[in-house]
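Step one of this worksheet: look at the structure below.
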Amino acid sequence: MEQTKAKREIKLAILRAIKDKYDGEYKYNILGRSGFDRRAVENYLGITFDEDSRHLASKCFDELKTEDLIRSTHSTNTDPENWVKLTKAGGQALESGKIDQAGKDMFLTATPVSKFGIPGEAVFDAELKSVAEKVTTISVIFLDLDNFKSVNDDYDHEVGDQIIREIINIIQIVLDTKGALFHRSGDEMLVLLPNFDGGEAMGVADRIRREIKEHTFSTIGTGVITATAGVSTYPAACSKLEDLKVTADRTAMRAKKKGKDIVAHSLTIDEVPDRMENILKGNQSTIKVDGRTVVFKA
């Protein structure tokens, strides 16, 4: 079988096998390995892999992850990198049978992905413009990890990369279908939230913050890594769409100077010191964004 055609059929079989396992599935259970019973993809294709075709199937699996048609989702499983579920784009590709174009159609431009398998900043910029043509309110979260440099210094970059992968999983679970996650650089990420006003976006950002703070990382445990987030909203807090990302970024940086493990909105960043004082006293603190009261807890 011609390799291009073979890859297409293998990829569709992988997507079909994962779809049939609603809660997700391990790579090994989908592809198997030599000396074991025939696995799901082989059954769908009606063949038994030899070593070359099994290697090709493994490559197809990895390409599907890069194209964001399947995604690692559960960091608590035995092999988190190889436990996957279909993405929305993966489901559409399976339904249409157009596997070669599916990853490209997901975004306006070719999809540059980071080494962590999520779209990069260039895709964010394109998607922001596209979304603005369809909705009137957009919020952006700029997320920066606290203490990440010290982890890289004390351990190594492989540990740092694993932490980022686990955080990506956390954010994707929180977001579900609410918005999209993008890798800016290093330990910085962007979240695009169409049709979310400032108060709603603050709620999402604070849940992400809490989930990261409470997460037990596979390499360093808990109590080391937290996150600070800056939120901005178009047009309520940022009149120019092209300034939305920069405004969220600057808000996160201002918040970081006031302390760590903070969520702040560009409209209310000046109220953050009052919030910090209340936390030190062990009290709750509230601020208003777009007329909504957002409650924080120490």
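The values are calculated or read from the model by the stated rules, or taken from the named source; none is laboratory data. None of these values were measured; they are calculated from a predicted model. No Cβ is skipped: glycine too gets one built from the backbone with ideal geometry, and neighbour counts run over all protein chains shown. Just the protein is used for accessible areas: all its heavy atoms, side chains included, with ligands, DNA and RNA removed. Shrake-Rupley method; radii C 1.70, N 1.55, O 1.52, S 1.80 Å.
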**OP:** Might you let me know whether region 67-80 holds any residue that is at pLDDT 80 or above and not in a loop (DSSP other than H, G, I, E, B)?
**Re:** yes
Original post:
Looking at (1) under 14 Å from Leu145 (Cβ atoms); (2) without any contact (Cβ under 8 Å) to a residue 24 or more places away in the chain, which is the only condition Glu214 fails?
Top reply: (1)
Original post:
Does Ala264 meet the test of being over 24 Å from Glu133 (Cα atoms), part of a strand (DSSP E or B) and at pLDDT 60 or above?
Top reply: yes
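In region 43-68, which residues are among the acidic types (Asp, Glu) and within 13 Å of Lys7 (Cα to Cα)?
Asp52, Asp62, Glu63
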Original post:
From the set of residues in region 151-195 that are over 18 Å from the mean Cα position of the chain (by Cα) and open to solvent by 50 Å² or more (accessible area, probe 1.4 Å), which is farthest from Ile118 (Cα to Cα)?
Top reply: Asp154
**OP:** Go through (1) at pLDDT below 95; (2) open to solvent by 20 Å² or more (accessible area, probe 1.4 Å); (3) over 18 Å from Glu133 (Cα atoms); (4) outside any loop (DSSP other than H, G, I, E, B) and name the single condition Asp243 misses.
**Re:** (3)
